[in-house]
Amino acid sequence: MLYTDEQLQLALDKLKEPNSNSSVNSISKLYGISEPTLRRYKRNNITNAQNRKRGGASKHITDGQERTLVEWIRCMQLLHTPVSRNQIKKIVLSFNSEKKIELTSKWWRRFESDHPDITWKVSESLEKIRIDSTTPSAIYQFFEKLKQKVEERKYQLIWNMDETGINGANSCT
């Protein structure tokens, strides 16, 4: 989960309130910070967000770059176009073109644990019958029939879309 130092500080302040009846779980939900993170801060008696240190794998990108990346991934998911790890890797590497970096499995685990709501695109294998029927001849015949139908019906607008169709409710602005 991404959160600002201000959010963390508010959550830490709430945790140390003497008469607070709020649970770590409720504070976690209120400020958008994972419950294990807040428990770790409480256990280690860390009361200042500025004292936090990121353990684990190197981030390779700034918090701002990560927020931008995650926002883009979520936007793509809203559009029913999940991104692949390879796409993420290219973006992270483009943020740091001057440095030679490698995204290790440890980096991916940290990124995935920080953003559990992100789903990854899994390539689907084509069915054997689809592979067998996709010949140059079949493709040519399809486009000839399409051309014939377009000319017969004198279509003004032609839309290209896949089986997911159009969802006007989702927006990435």
Practice problem: Would you tally the residues in region 17-49 being closer than 11 Å to GLN7 by Cα and not in a helix (DSSP H, G or I)? | Solution: 2
Exercise. Output the residue which, of all residues in region 2-25 that are touching a residue at least 40 places away in the same chain (Cβ under 8 Å) and surrounded by 12 or more Cβ atoms within 10 Å (Cβ to Cβ), is farthest from LYS42 (Cα to Cα).
Key: LEU2
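If you go through region 68-92 one residue at a time, how many are of a type in the set (Asp, Glu) and not in a helix (DSSP H, G or I)?
Residues that pass the stated criteria total 0.
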Quiz item: Within region 103-111, is there a residue that is modelled with pLDDT under 80, part of a helix (DSSP H, G or I) and closer than 25 Å to THR37 by Cα?
Solution: no
Quiz item: Which of the residues that make up region 26-40 are surrounded by 14 or more Cβ atoms within 10 Å (Cβ to Cβ), hydrophobic (A, V, I, L, M, F, W, C) and more than 21 Å from the chain's Cα centre (by Cα)?
Solution: ILE27, LEU38
Quiz item: Quick check: anything in region 112-135 at pLDDT 70 or above, surrounded by fewer than 10 Cβ atoms within 10 Å (Cβ to Cβ) and hydroxyl-bearing (Ser, Thr, Tyr)?
Solution: no
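The values are calculated or read from the model by the stated rules, or taken from the named source; none is laboratory data. Given the structure is predicted, the values throughout are model-derived calculations rather than measurements. Glycine gets a Cβ as well: all are built from the backbone with ideal geometry, and neighbour counts include every protein chain shown.
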